[in-house]
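Working notes, structure below.
The values are calculated or read from the model by the stated rules, or taken from the named source; none is laboratory data. Nothing here was measured: the structure is a model prediction, and the numbers come from that model. Backbone-built Cβ (ideal geometry, glycine too); neighbour counts: all protein chains shown. With ligands, DNA and RNA removed, areas are computed over all heavy atoms of the protein, side chains included. Shrake-Rupley method; radii C 1.70, N 1.55, O 1.52, S 1.80 Å.
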Amino acid sequence: MIYIFFFFFKQKTAYEMLRSLVGSEMCIRDRWLLWPPPFEYPPAVIGPVGLFSVFFKFYDLMSGFSCPSSHILSRKRASRIFPQLDSSGLKYAQVFYEGQHNDARTNLAIALSAAQQGASISNYVEVVTLLKDGETGEVTGVKAMDKMTGQVFDVYSKAVLFCGGPFTDELRQLEDPNCQSAVSGAAGIHVVLPSYYCPKTIGMVDMATSDGRFLFFLPWLGHCLVGTTDSSHQPSMRPVPPEDEIQWIINEASKYLDKGLRVRRSDVLSAWSGIRPLLSDPNSDNTAAVSRDHVISVEPVTKTVFVAGGKWTTYREMAEEAVDKIIETKGLEAQLGCSTLEHRLIGYEGYHSNLAVELVQEWECAHEVAVHLASTYGGRAHDVLQLSEHTGALWPKRGVRLVDNYPYIEAEITYACRHELACTAEDLIARRTRLAFLNVAAARTAVPRVVEIMANELKWTDQRISDEIKATHGFIDTFGGPVPDKDPMHVKLRAATGADLEAIFNKIDTDGPGALDEAEIKSLAAELGFPLTSTELKNAMVMMDSNGDGQVELLEFVTWWNSHDHDKLQQAINAKIGVKGDTTGPGVLFG
């Protein structure tokens, strides 16, 4: 039984206020009652016969009906809207709407908007220790280090607020090395596939995968994003997506797609792991529950306040409550009431629904580039294009692309250095643009040009240029790509995708009956450089031929491969046939 939700998306730009999320559902099942019930919520057993429709109407109400209403699609219509889907078991589809944004750009817009209102902000500055009042023990400031220069300096304040996300406990340990933990890490793995795997405006989520986690299948920034919900993980600044998780996601996603679509391991353009905090308040009487909501807590002795958790849709609420808590804790007096809802994010001014057309007409840039700039920079897109170079072509006349097939232009690098606090090439390929998250090969291609432009803007030395290129490629190494990661530290199961294994199987099966016999196995072993004795050949066949009929069929081959990673024959096949990152054939197994 497969249980799936569908999403329609309304793309939100960083400078628009995020609204409450509302969304869509599709159920593909062999019965109308669900067991075990989703969310471990017993009434959800009857969800498919009406409860979910009521639930999503409630979501419509929560959003103030700001998006189109949730509704039901027939199997036939759902198949037209999502033709990539295997609709053989589809009963109906329930559609709901949800917001989507570019999270890195939203984060940057919040910081720049705060600076616009008078806040002093700085990136690449690390708190190394806390400054305390010798008599009361209260924290009065921090000793900080500029990571770009190594300079250490003191910052004094009436109050100190920790906002460390999954690293909140590391900050709290600066004041008490033995403090009770408040945060546990949770990792979500994401895989990016080419855009043709899903429609541009609709996605889906399966709430009943093979291991019980949710699986999202969504359009994102012109690509198809497939990812899982949280699983326990130690917080890290450089989380690496495990190879077995990537393979599992591909295999799981393949279950929903039409049989004519072959999801190959080589189709993975990028893969990454994201860490989020799960919280409990150590200063509260009730610390048993781990929460995905935000927590604001005061350390009784030092009077520091920490806030962690929450969601993008509640960041203004979190900020307001954190400031209120500081005012209460420190006995301060608020001069004015909270005005966060009166302030739009940077880029809002000058934005309108036809801004992309306006950019094309005024700057003679490509429409794809204009759409990207309008959704990324809002009204400031004009400022970016003002820095753009002439292409030397008849059309488009402005906006030299950073890499082929992507809307990012070189002027964005210059703009980021001058107006968006970019300090490293990593900033540009990951957090000002999202190139590393979309396509690791394209990101590597862009690194030299990104560094060249930044070096000119920031006056880097030859040594800094060399160090920057090396560091940026090291950062990209933490992403997955079309070639699997063979590092044992990052691989647990090595479960190959069905499409990739079928390609390997077909290459070995030279006579084409759909099964391997002893002669083909013996011939392959000799070709690979280690002829098998009669005993060794018999042992190999025993491991592969599970039903003992003297032939190895595809399913048996897949089972053997995923169960015998240590096998010498498998390693040789992998090295001979599945190597070299060849993505032009039917599929690559272990590059």
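For the reader, a short list of remarks on this structure follows.
- Aspartates and glutamates whose Cα lies under 14 Å from that of LYS143, excluding same-chain neighbours fewer than 8 positions away: GLU126, ASP133, ASP154, GLU175
- Residue-normalised accessible area of the range 396-440, given per residue in Å² at a 1.4 Å probe: 29 Å²
- Global geometry of the range 347-436, whether rounded, prolate or oblate, following the gyration tensor of its Cα atoms and the 1.5 cut on a/c: oblate
- Potential lengthening of the chain between LEU336 and VAL125 amounts to 73.0 nm, from the contour at 0.36 nm per residue minus the alpha-carbon distance.
- Partner aspartates and glutamates for LYS397 [C-alpha distance under 13 Å; skip if fewer than 8 residues away on the same chain]: GLU362, GLU364, GLU389
- Rounded percent of accessible protein surface that carbon and sulfur make up, the range 338-421, 1.4 Å probe: 47 percent
- Carbon/sulfur fraction of accessible area - the range 186-268, other protein chains in place, 1.4 Å, %: 57 percent
- Reach of LYS311 by Cα under 12 Å, taken over aspartates and glutamates that are not fewer than 8 positions away in the same chain: ASP103, ASP293
- Distance in nm between pseudo-label sites at ASP549 and ASP211 (7 Å out along the Cβ direction from Cα): 3.2 nm
- Two-site label geometry, SER236 and SER88: point separation in nm, points 7 Å out along Cα→Cβ: 3.9 nm
- R0 of 56 Å, Cβ-Cβ distance GLN386-VAL54: FRET efficiency to nearest 0.05: 0.60
- Computed with a 1.4 Å probe on the full set of protein chains, the accessible area for VAL152 sits at about 70 Å².
- Projecting label points 7 angstrom from Cα along Cα→Cβ for HIS367 and LEU161 puts them 4.4 nm apart.
- Using a Förster distance of 41 Å, the FRET efficiency for THR314-ASP258 (Cβ separation, nearest 0.05): 0.60
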